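Values in this text are rule-based calculations from the coordinates and carry no lab data. Remember, predicted model here, so these are calculated numbers, not experimental data. A quick note on method: Cβ atoms are made from the backbone with ideal geometry, for glycine too, and the neighbour counts reach across all protein chains shown.
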Amino acid sequence: MPTLRAATPADLPAIAAIHAHAVRHTPAVFRDEPLPQAEWAAWIRSDHPTRVAEVAGAVAGYIAARPYAPGYSGYDGMAWVSVYVHHGARGQGLGRALMADLIAACRARGLRELVSRIARPNDASEGLHRAFGFEPVGVYKRAGVKFGRQFDVALYQLGLGEVEPG
């Protein structure tokens, strides 16, 4: 069983390595180069929910919720979800454990909507999101280009609660 907890600065190398593998070997991230360490450090220091799954004392996956549109107050309470599991630890239920943990953390913070973008094909990620009640709400056709190919991007959304009347 994994240990789930909030990410700390000490987790940066493991998180960055998991993400870098996805950047280099999958169409899940439409970047040519991994994020610079400074960006990871700022992300970890921010107040955005970022959780890790540890297996045998090592970070084997992470999940994060980032503001949907910073600076646009109408989108407050809405967050993008990103989930990544180390390529050697897939199929062990870590994505499910991380998603359940993040959803609980987001509810506790009063977030109202979670959204995800998933490059297709990615049956595992789409299945994970559906298992937690995320609904498909659209597809960007040929939205991303990686490895000389175009990829559709599926959009998923999960409602966590209604806005209190103000």
Restricting to DSSP H runs of at least four residues, report the calculated mean residue ellipticity at 222 nm for the chain, -39500 (n - 2.57) per run over all residues, nearest 500 deg cm²/dmol. -8500 deg cm²/dmol
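For the stretch 44-166, calculate the relative contact order in percent as a whole number, restricting contacts to Cα pairs under 8 Å that are 6 or more residues apart. Before the final figure, lay out each step's value.
Working: 205 pairs, mean separation 25.2, N = 123.
Over the stretch 44-166, the number comes to 20 percent.
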Match the structure shown to one of the listed values [x] 1.01; [y] 1.17; [z] 1.97 of Cα Rg over 2.2 N^0.38 Å, computed from it, and give that label. [x]
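Relative contact order of the stretch 3-114, please, whole-number percent, based on alpha carbon pairs below 8 angstrom and at least 6 residues apart.
Values: 167 pairs, mean separation 28.4, N = 112.
Answer for the stretch 3-114 is 25 percent.
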Applying 1/(1 + (r/R0)^6) with R0 = 30 Å to the Cβ-Cβ distance of residue 5 and residue 149, what FRET efficiency is obtained, to the nearest 0.05? 0.20
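Which order results if 25, 86, 48 are arranged by neighbouring Cβ count within 10 Å, fewest first? Please report the intermediate quantities before stating the final value.
Details: 25 11, 86 20, 48 15.
Going from least to most buried by this count: 25, 48, 86.
Counting other Cβ atoms within 10 Å, keep those with at most 10, restrict to DSSP loop, and tell me which chymotrypsin sites (Phe, Trp or Tyr not before Pro) in the stretch 1-102 are left.
Values: sites: 30, 40, 43, 62, 68, 72, 75, 80, 84; in loops: 30, 68, 72.
Hits after loop and neighbour filter: 72.
Once fully extended, how much extra length lies between residue 54 and residue 140, figured as 0.36 nm per residue of separation less the alpha-carbon to alpha-carbon distance?
Numbers: separation 86, 0.36 × 86 = 30.96 nm, distance 3.37 nm.
Roughly 27.6 nm would be gained on extension.
Taking 0.36 nm per residue of separation and subtracting the Cα-Cα distance, what length does fully extending residue 90 through residue 31 add? Please list the in-between numbers first.
Details: separation 59, 0.36 × 59 = 21.24 nm, distance 2.19 nm.
Contour length minus Cα-Cα distance gives 19.0 nm.
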Charge dipole magnitude, Cβ of K and R +1, D and E -1 - the stretch 110-166, Cα centre, debye nearest 20: 480
Whose amide H sits under 5 Å from the amide H of residue 112, counting only residues 5 or more places off or on another chain, with H placed in the peptide plane? 78
May I ask you to sort 1, 99, 78 by Cβ crowding, counting other Cβ atoms within 10 Å and putting the fewest first? 1, 78, 99
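Please compute the length gained on full extension between residue 123 and residue 108, using 0.36 nm multiplied by the number of residues separating them and subtracting their Cα-Cα distance.
Numbers: separation 15, 0.36 × 15 = 5.40 nm, distance 2.90 nm.
Full-extension gain reported as 2.5 nm.
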Could you tell me how far the Cα centroid of the stretch 17-96 sits from the Cα centroid of the stretch 112-166, in Å? 15
